[in-house]
Every structure is written in C-alpha cells, then in structure tokens.
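Working notes, structure below.
Values quoted throughout were computed directly from the atomic coordinates according to the rules given, and no laboratory measurement underlies them. Predicted model only: the values in this text are computed from it and were never measured. No Cβ is skipped: glycine too gets one built from the backbone with ideal geometry, and neighbour counts run over all protein chains shown.
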Amino acid sequence: MTNARIHEGRSDPHTPAPTPQPPHPKPHTQNPTPDTPPSAPPLEVHDLTVAYHRRPVLWDIDFQAPEGKLIGIIGPNGAGKSTLIKAALGLVPLASGWVKIYGRPYVQERNSSGYVPPRESVDWDFPTNALDVVLMGRYGRLGWLRRPRRADVDCARECLAKVGMADYALRQISQLSGGQQQRVFLARALAQEASLYFMDEPFSGVDAATEKAIVAILQELRQHKKTVLVVHHDLQTVREYFDWVILLNMRQIAVGPTDQTFTPENLQKTYGGRLNIVTEVAEAVARGVQVGRT
Amino acid sequence: MPHWMMERNVQWVLAGCVLLGISSGVLGSFALLRRRSLMGDALAHAALPGVCAAFLLTGTRSLGFFLVGATVAGLLGAFCIQAVTRHSRIKEDTALGLVLSVFFGFGIVLMTIIQHSPKANQAGLDKFIFGQAASLIEADVRAMAVCAALICVAAGLLFKEFKLLCFDSGFARGIGYSTMWLDGLLLLLIVLAVVVGLQAVGVVLMAAMLITPAAAARLWTDRLDRMVWLAGAFGAAAGALGTVLSAVELRMPTGPLIVLSATAVFVVSLFLAPRRGLVARALRLIQLRARVAREHALRHLYELAEASGRWEERVPLQELAAVWGEPVAVVRRQLTRLEQDGLTWHSGEHWGLSASGLQSAYEVVRNHRLWEMFLMHEGQLGADHVDRDADLIEHLLPPVIVRELERLLRVHGREPELPPSVHPLAGTGG
C-alpha cells in the first residue's frame, strides 16, 4: 500500500504535491506491478443523479468498480438498472455527479468500453447479416468516413466464432433465434476490444445453452482482467455468476463483493419495494408512530 | 429513336426526373429504415412556404434560392415537430400531421399573395403543389444534378454511419457518434431530395417518391448496400417511365405518372420478390403444407401398423381418417398422391405402406421422435443452435447428441423399428 503510493508519486514527477485523497480511500486490493503506475478504477461513479422529465429516477449513486470482476446490477423493475448503464455510457444527461472511466471522462475513453444494449432495442428485420452487425463493433475504432478493412472483418469473424456463431455469419439477422441474436450482440461488444463492458440484460429471453455460453464468455473476459457490468434479473444465479453486486432501487442500496453484499437484509431493502423506503423515512422522522403494514 | 425523344426539352425533363428518382430512392432507403418516411412528407409540405417566401423575398425564380427557402422552412418544420413532441403530451404522428397541415396552409396563403402580385405569371409557383416536369429547363436540371450528386456522395461517404444510426442509434451514441448531428444531416439531405423533386412531382406527391422505391427495394434484398442501389435504380426507372408515358400520352401530368410508375414497381415487387414476395411466400406455404400432409399420412400408417404389430396388413381408410382427424376425402387424396410416388398401395378402401413407403415412413417417424426427445431434453443436451426449420435432425445436431437422443428413444420405448420381414433393406436405416 505505502510502496504503491510512493511509487505513484515518483512515477509522475510533474505532480507538485500528492493528489488529495478521497475522504474514504478504497484500499487497493490488487498490487500493481512496479512497472505500471497504479491505474484508476475502470468505473467510478460519484454522486450521480439522473432525472427524466424532472422526475429523478436514480440518485445517490456513488461507487468504484474494481478491475477484473463480473459485477451484477440487481434490482426490481424500474429500479434504474438500465439507466445506470446509460448514464455511465453518456447516453442520458446527468442531473448531478460525474462518471469516470479509467479516471477520465467518458468521452475520452469511449474505446475502452463496450456495450451490449437490450435485444429488444433494435429492429431485427433490418437489412443486414450477423457479420455486419458484429462489424459495427469496429466502427468506434475506425472513425468517421473510414470503411472497415480486412483486419476488421477478420476480427468480427473471430468474435462471431467466440460466441459459437461462425456458421451464421451471413445469415440475415431476422432469421436468427432470440438467443442467437443475443450472441451476435455479445460478439459485437467483443469486437469493440474494450476493457470495460456494460451489458443490459444479456440473459433475457435466451435458452439455457446460450446462457451457459454467455457465462463462459464472461468468465473468459474476467480472466483477461476485463471488468463487466451486467444488468441481471435472475436472483437465483447471482451468487454463481457475479463477484460483485450493485443493489439498486432508484438509489444505491448496497455495493460490494457478492458474499458480503448479496444478503437477505440488503435484498429485503432492495426488493421490499417502495413501501420499505417510505417505512425507513417514516421511522426516522417519527419513531413510535405506527409504520408500514403488519 | 421516337420523335419525342429528339426534342431537347424532353431530354432535359427525362434527365431531371431520373435524377429526382435516384436521389429520393437513395435517401428514402435511410429515411424508411430510420422510420422517418412520414417526416419526408411533412418536410415536403413544409417546403412550400419556404419556396414561396424565397420568391417573395428575392423576386426571382431560382432553384438556388428555393433550396435555401425550403431548407430553412423544412428545418423549422422538423424543429416544430420535435418541440411539440418534447414539450407536450402530443405524440409524434399527431405532431407530424399538425406541422404538415399548418405549413402547407401557410404555403397556400403565401402562394395566393404571389398570384395576386404582378409577378404571378413569372413565378409559376402553383406548379409546385402537384409538380410540372414539363416546366423543367436546363438550369433547373443542372441544379438538380448538383443536389443529387451531393446526396449520393453523402450517402456513400457516410454509409457506415447512417447504417448504424438506422439500426441501433443507442449503440451509435455509445461509440461516440453524435446521433443528433447525424439525424440532422439526414433531415437536411431529405430536404435536399424534396427540393430536387419539388418542381417535377410537387409537394403533395413527393413523399411517395421517398417511400415507394425504398419500400420496393427492401423486398428484394436483405443487404442495405444493395437496397440503396436498388432503390436508386427503381426511382430512376420510375422517373424515366413516368416521363416517357407522359410524353407519349400527351396532356398527362408527369409527376403523378412518375409516382404511379413507382407504385407499379412496388406492386410488382410485392408479388414477385424472391423470399419476401407474396407469390414466393404462398409457394412456400403450399410446399410446407404438402410436406406436412405427406409426413402425417406416412406417420399414421406406420403408427397404426406399429400398434397392431401386423406390418403387412392394410388399414381401412375410415380408421386412418379417424386417427388422423381429417375427412375421409382428404385422407384418400393424400394416400393417392403417395401411391403415385410408389409409397402406398391399396385394395378397395384398405391402404398400406409399400416397401419403399415403409422405409420413408420409418425415417419420418424416427426424425419426428428424435425431435420429440430433443425438445424434452433440450436443457441437458446443451445443444447450442437449433434450426427448427431443418428437415432432418441429423443435419443439424452433432452426431454425439443424435446418439444420445437415440439412447433416450430406447429408454422411453419410443424407438421406431423397421420390420425385417417386409423390407429387404432393413437395418441400413439406422
């Protein structure tokens, strides 16, 4: 810990003084190798509030996501899980707070993050094939006006093969099953060659085999020190799939390693519904007064 | 060359209408996929007051000024639509209708003012409502060519960006595309295409030129690049056809003829396009029905024999119809068809499977039951991909899984047999 800090100071001689530490410094769990300066967390969200039409849908979000972990974003419908991802990706305006990716604002780090949008968000009758959709993952690196090159096509094919869809490269996307479409989206994200991934319900509407395949890919990503945030619905599989969880119900309920955070009390807080929030507030304001339902 | 083709005027009109077809076809493809087709209609109507205002302000009839006027009015219209949807509970379709009619009405008012002014004859702006291709002169066509070239170059250069915008705008923004900018550019190009077509087709029918060739092209292909090329070609063909028809059949307005030609292309595509066309779909349905009926007949004959264990015996037609649940006449027709293929034979009203029929029936039943097992045990088998349309399960699943399915068939006592007594080829089927 101390060594790491000294190293940090030495590696950047232009820094006049050590940067002020945040009030609650998060201990570094992984030791950075002496050759590389300690890196900023893949995702840092500070005091985030998002509002749609003046109605806040997400507030008090404040966490740092550790590197190389599979992180589940868990919460009931309408808890703002997708909104959190969209806020991190800069797709919705923030009412307050900021999001940093590897210590920098999102606009400067677009190529280090990949995105799997929900499958229903696009029209699958669009005139294109699976390979072409995966190729779209390369567009961010290509820049404007440049056409995909041979290497990009090879990369896209490789990514399709990784999700077990090599035989379907030239298939029109409407002729793919739901699970296959989800795999294509996953392959597109892989083609982005990012180090931080956001996946919005990659398991929704897929068959058991596809779910297994996707989990295998997530674990492979983790092996390569990638960080993956996944919006997830199925509470049964949370412990099995995720190292970390973010429990969300419009505000942040709890964040941390799954075994410490995914507890009945926290779940009760998350899923107890809005009634619970009301209860807590009521209790705080007027103790002794009858609160909640019996 | 027919005499009307020799006229210089007709050549310019022809060139103009082809250019209009190409530009609206190409851009219409993106507008269609971005679900902005009706926006094209609103923009076309909104262009009218812009054109009139441009004439009132400059006092000259020049396509350049018209373009500026139409662009400003079109963007104002688009802005109004967005403002209305954003700041009120009114949905986009209502907002479109609102803006469309208000702008058009305002355009008519301006036009009336112009017609009461001394410059009325010079303006000829009333032609902009329904279009008059015959009034196209060389200068107009040159300006149209510039616009069409701009549209095609922009569509070519930004093909990848527009494709992603149309397919998945959320992802596009995620990788740093400014979708607002791209949408704005698309809108601007639509206005450009509208202006190109305004004089020939008119504001009322312009939307048809944006929608119809693109919709027709979509039926022929599943690739965006081909769709854009085709839409351009269809638009050009419609433009040319409309002009020629109008030149041959005198006193017929060109604009409506162009739109009707485009519609004819669409209707032909709707019926004849491969795969997506109605004829192809009907044929596929008929084929599917025939195959299902044939397999049903074979399966029921097989299963009746299997149940009784008397493979050589023929079954009464009535009994088969009862098992199958179809009228006797339908069953008889199906069996007769199978007999023509040498798969069944009968004496009187009793039917049975021939040797080759038994082989076919065995295969059908085996495939059917393997599917059954597969669907029952899908979860455990961990097969990644299943193409439910595939004919034979063996073509689809790895041999390991087929063997596992066969084992499951035996476990469940559902394994079909090929009785050796009847068929010399018995045993080769497995």
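From least to most packed, judged by other beta carbons within 10 angstrom and beginning with the fewest, A:Leu89, A:Leu218, B:Leu27 follow the order A:Leu218, A:Leu89, B:Leu27.
Using the Cβ-Cβ distance between A:Ala151 and B:Glu372 with R0 set to 60 Å, the FRET efficiency from 1/(1 + (r/R0)^6) comes to roughly 0.85. Applying a length cut-off of 24 Å (Cα extent along the axis) and a mean Kyte-Doolittle floor of 1.0 to the DSSP H helices of chain B leaves B:8-33, B:37-58, B:63-87, B:92-116, B:138-157, B:179-201, B:224-248, B:254-272.
The label point for B:Thr94 and the one for A:Ala95, both projected 7 Å from the Cα toward the Cβ, are 2.6 nm apart. Between B:Thr179 and B:Asp126, full extension at 0.36 nm per residue minus the direct alpha carbon distance yields a gain of 15.4 nm. Coupling constants for region A:264-271 follow from the phi torsions by the Karplus curve (6.51 cos²θ - 1.76 cosθ + 1.60, θ = phi - 60°), and in residue order they are x, 4, 5, 5, 4, 5, 6, 9 Hz; glycine and proline get x.
By DSSP, the beta bridges lying fully in the protein assembly as shown are antiparallel in about 60 percent of cases. Within the shell of other residues whose beta carbon sits under 14 angstrom from the beta carbon of A:Gly205, the net charge comes to -4, with Lys and Arg scored +1 and Asp and Glu -1. Springs join every pair of Cα atoms under 10 Å in this Gaussian network model of chain B, and among B:Trp229, B:Trp12, B:Trp345 the largest mean-square fluctuation is at B:Trp345. Charges were assigned to the Cβ only: +1 to each Lys and Arg, -1 to each Asp and Glu. The resulting dipole of the protein assembly as shown about its Cα centre is roughly 1760 debye. Treating r as the C-beta distance of B:Thr58 and B:Met252 and R0 as 41 Å, the FRET efficiency rounds to 0.80. Kirkwood radius, region B:3-211, all distinct C-alpha pairs, inverse of mean reciprocal distance: 17.4 Å. Distant-in-sequence amide contacts of B:Leu418, defined by a placed amide H-H separation under 5 Å and a gap of 5 or more residues or a different chain, comprise nothing.
As a calculated quantity, the FRET efficiency between B:Ala322 and B:Ser356 at R0 = 22 Å, using C-beta atoms, amounts to about 0.25.
Fewest-first ordering of B:Cys147, B:Cys152, B:Cys17 by other beta carbons within 10 Å of each residue's beta carbon gives B:Cys152, B:Cys147, B:Cys17. The H on the amide N of A:Ala254, modeled in the peptide plane, is under 5 Å from the matching H of A:Leu247, each at least 5 residues off or on a different chain. When +1 charges are put on Lys and Arg Cβ atoms and -1 charges on Asp and Glu Cβ atoms, the dipole computed for region B:224-317 relative to its Cα centre reaches about 80 debye.
Ordering B:Val196, B:Thr212, B:Trp181 by the projection of their Cα atoms onto the charge dipole of the protein assembly as shown, which places +1 on the Cβ of Lys and Arg and -1 on the Cβ of Asp and Glu, puts B:Val196 at the extreme positive end.
Taking a ≥ b ≥ c as the square roots of the eigenvalues of the alpha carbon gyration tensor, chain B is prolate, as a/c is not under 1.5 and a/b beats b/c.
Comparing A:Ile217, B:Pro316, A:Ile61 along the charge dipole axis of the protein assembly as shown, the residue lying farthest to the positive side is A:Ile61, per the Cβ-charge model.
What's the local net charge at B:Phe30, with K and R +1, D and E -1, over the other residues with C-beta under 15 Å away? With Lys, Arg at +1 and Asp, Glu at -1, the neighbours total +3.
Along the axis of the charge dipole computed for the protein assembly as shown (Cβ charges of +1 for Lys and Arg, -1 for Asp and Glu, origin at the Cα centre), the listed residues B:Ala83, A:Gln172, A:Phe185 are led at the positive end by B:Ala83.
Each residue in A:Thr49, A:Thr261, B:Thr60 was given a count of other beta-carbon atoms within 10 angstrom of its own, and listing them fewest first yields B:Thr60, A:Thr49, A:Thr261.
Charged side chains reduced to their Cβ positions (Lys and Arg at +1, Asp and Glu at -1) give chain B a dipole of some 1320 debye around its Cα centre. Each label was represented as a point 7 Å from its Cα along the Cα-to-Cβ direction; for B:Leu278 and A:Ser204 these points are 3.6 nm apart.
An ellipsoid equivalent to region B:178-250, defined through the eigenvalues of its Cα gyration tensor, has semi-axes of 25, 18, 8 Å when rounded to whole angstrom and sorted largest first.
Over 31 Å apart at the Cα level, from the set A:Lys86/A:Lys212; A:Lys86/A:Lys225; A:Lys69/A:Lys269; A:Lys212/B:Lys160; A:Lys100/B:Lys163; B:Lys91/B:Lys163, are A:Lys212/B:Lys160.
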